[in-house]
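Nothing in this text is a laboratory measurement; each read-out follows from the coordinates by a stated rule. As the structure is a computational prediction, the values presented were derived from the model and not from experiment. Cβ placement follows ideal geometry from the backbone for every residue including glycine, while neighbour counts extend to all protein chains displayed.
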Amino acid sequence: MITFLAVTENHRALLQSWLVQPHWREWWGEPEEELAMIYAVDQGEHFPFVAYVNDEPVAYVQCWWPAQHPDVPWMKEMAMTERGIDISIGDAAHLGKGLGTLIVKAFAQKLFAEGATRLVIDPDKNNARAIAAYVKAGFTPFAEVDGDLLMELLAEDMIWMEKL
């Protein structure tokens, strides 16, 4: 069972322990800067969560609004019903077990149920592990910008996939 708990101060030590791990350091910035951004929810730019699998914290996941970034060319035409998402598996012991795909699917279902019409994710084009997980979750590439592969999942695609 996958659940999502909004990040609270109680998650700080857990997130700090994840941010310093090599698989995070490869794709994320300086741990203290990233932690500060995670907790900058008062700016209304993103909503951070810890994903739990069977009551165990397994991943960090967040949603954000591309429409709030009209200065970024690929985001400027997006509607407020479209969400960007980001995910990182917490501890390296959970890598390679298919949890990323399961968590992304569950998070997508949550966001679509809340009214999102399209989800986008922008992994580094060299992050093969992440891209493979997103493809398994139903995302398809639609562009490449500045070294990132832009991928999307539409609400109607998710409904179709659930019927399989």
Residues Met1, Met75, sorted so that the one with the fewest Cβ neighbours within 10 Å comes first: Met1, Met75
Ascending count of other beta-carbon atoms within 10 Å, so fewest first, for Glu152, Glu9, Glu144: Glu9, Glu144, Glu152
Under 5 Å, built H, 5+ apart or other chain: amide partners of Thr117: Glu82, Arg83
Along the positive direction of the dipole of the chain (beta-carbon charges: Lys, Arg +1; Asp, Glu -1; about the Cα centre), which of Ala106, Ala13, Ile89 reaches farthest? Ala106
Once amide H atoms are built 1.01 Å from N in the peptide plane, which residues 5 or more positions from Val145, or in another chain, come under 5 Å H to H? Leu150
Quick note, region 69-129: a/c under 1.5 would make it rounded; otherwise a/b > b/c is prolate and the rest oblate (a ≥ b ≥ c, C-alpha gyration tensor); here it is oblate
Theoretical ellipticity at 222 nm over the chain - DSSP helices of four or more residues, -39500 (n - 2.57) apiece, nearest 500: -9000 deg cm²/dmol
For region 3-10, Karplus couplings with θ = phi - 60° (6.51, -1.76, 1.60), whole Hz, Gly/Pro x: 10, 10, 10, 4, 4, 10, 4, 5
Could you run the Karplus curve 6.51 cos²θ - 1.76 cosθ + 1.60 with θ = phi - 60° over region 107-112 and give me ³J(HN,Hα) per residue in whole Hz, x for Gly and Pro? 5, 4, 4, 4, 5, 5
What is the log10 of I(q)/I(0) for region 2-118, computed with the Debye formula using one identical point scatterer on each Cα and no solvent, at q = 0.13, 0.14, 0.17 Å⁻¹? -0.52, -0.61, -0.89
Kindly state, to the nearest 0.05, the FRET efficiency for Leu35 paired with Glu56, given R0 = 22 Å and r defined as their beta-carbon distance. 0.55
